[in-house]
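Written below as structure tokens is the structure these notes are about.
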Amino acid sequence: MSKYSAQVLQGTILEDKKSKEKRGKGGFLDPWSSLIPDYTREKLSPDFVAYFKDNQVTVGRPDEGVEMPYWGLLFPKRSYLPPDFPHLQMWFLGKNFAPSLQFIDFDERKDFEKGVRLLVDIYQRLFDQQSKYEQTKLGLAINATPFSFIKNDEGKYFAGGQSVRTFHLHFLGVPQDLETKELTEKEAVLVYPTKFSHLLLKLIFNQNGIRKFIFDQKIDCQETDRGVRFSFDGEIKELIAIIGRLDELMYQVQLSLIYSFYQDSEHFLDKLADFARTMDLEKMEKELDELILLGYERSLPVTKDLVNKELHRLGRKFGVDFDNKAIDQVCQSLTTDDNEDLSSWLGEKKVVLRPGMGYGTMVWVNNGDFEINIVPIDSMESEGTMESNGYIFSERIKVDQKPEWLDYFLDQLASD
């Protein structure tokens, strides 16, 4: 029996004629054009079903007179779930750089809190009312993979930039009666982390001081096959604060890894800081080309040395003292593959690392109890939070009309 396995899940693609006409031509959010707020709003517009602004929820698409910032509720045309299972997304649309919750102002977080609370209540009412959702769990999923690097035909990285400009949260009604598939080592790369990323998460979250920073209380950490897990009882407001502090920590980890891995990272990080400070990204559109990192990796010995130093620096920043032997284990888990690309191990297989190492958060919600799973999104093959939480997709079901559950959600939002 294989030591690797995943749950098999079907996804959905909506291909109705009306949505095709509204979307028009052109690509979606590429790594650099997505930094422009008006472009992002235009590309997301066909998927809007409601929005949250000034402590109010409005069903329908915001017109041109509605000024950013606001939170858009989207029905994704490409879903992680089968057609009958609800999947919605909540995106922050603003003028400033906001790839994660830590960059979003307190007033906008209040609207976010209200929206999350409403949607969680509606999901749970839907599950309680319809027997087909008896074995369905509500998951809140966040992808934090802010750096995108692209390989050329020779397998070398040639450019990268900020790939997800704006924070967004997935609301997922995930069926639990799923088939389990045994995976080969090659397939397992999609759904399991490398040794480097797994050891790195264990190093960070084994520290009481780190957990106290994130949760504002003493809390136990459980190591899993894919990352780390926490059980937390509390309110939505507390959960949102935890997500913000978690991202503050992991964003620093990503910056440290970018610095350690790449020769020209200093200029990239300086320019990234300029974008993070501006209050109006439209004014920096001409500087977008500077937010490109050519993927020239440092030598392996230099990379290991810098990762060691950056982890000590990270510990000082958060007031903890990482164990030297544990840091050495993290560094020694780095290697290079036959193409000299920076890699680590999954079993006996060398896996090329995704630059900067993203991470995914999956929060399973059960009436005030939250199970928080934090997993690396660390390989070039790994796609996102669903895969790294142990799901593998067997097919995409094509449908030509929106599902019935969407009408239920919009009716509930209008009445609330």
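Values in this text are rule-based calculations from the coordinates and carry no lab data. Note that the coordinates shown come from a computational prediction; the quantities given were computed from them, not determined experimentally. Neighbour counts are summed over all protein chains in view; Cβ atoms, including those assigned to glycine, are modelled from backbone coordinates with ideal geometry.
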Problem set entry | Proximal aspartates and glutamates relative to LYS283, as straight alpha-carbon distance under 14 Å, when same-chain residues fewer than 8 apart are discounted | ASP38, ASP274
Problem set entry | region 167-221 - Rg (one decimal) and Dmax (whole number), Cα, Å | 16.3, 40
Problem set entry | Counting all C-alpha pairs of region 217-346, share separated by more than 24 Å (%) | 46
Seminar exercise, completed: When SER45, SER260, SER299 are ranked with the fewest other C-beta atoms within 10 Å first, the list becomes SER299, SER45, SER260
Problem set entry | Distance between region 208-284 and region 54-72 - C-alpha centres, whole angstrom | 28
Exercise. When the scattering of the chain is computed by the Debye formula from its Cα atoms alone, each counted once and equally, what is log10 I(q)/I(0) at q = 0.11 Å⁻¹?
Worked result: -0.86
Seminar exercise, completed: Taking ILE374, ILE122 and counting other beta carbon atoms within 10 angstrom, the fewest-first order is ILE122, ILE374
Exercise. Of the listed peptides 282-288, 388-394, 337-343, what is their order by residue-averaged count of other C-beta atoms within 10 Å, with the highest listed first?
Worked result: 388-394, 337-343, 282-288
For this session: Rounded to the nearest Å, what's the spacing between the alpha carbon centres of region 365-386 and region 179-194? Just the number, please.
Result: 16
Seminar exercise, completed: Pairs over 28 Å Cα to Cα, from LYS114/LYS137; LYS114/LYS195; LYS110/LYS137; LYS132/LYS186; LYS114/LYS402, come to LYS114/LYS195; LYS132/LYS186
Exercise. Given +1 on the Cβ of Lys and Arg, -1 on the Cβ of Asp and Glu, and no further charges, what dipole in debye does the chain carry about its Cα centre, rounded to the nearest 20?
Worked result: 220
Exercise. Can you sort CYS331, CYS221 so the residue with the fewest Cβ neighbours within 10 Å comes first?
Worked result: CYS221, CYS331
Problem set entry | Selected from GLN329, ALA273, VAL253, residue furthest toward positive end of dipole (region 249-332; charges at beta carbon) | GLN329
Problem set entry | the chain, relative contact order [Cα under 8 Å, separation at least 6], % | 26
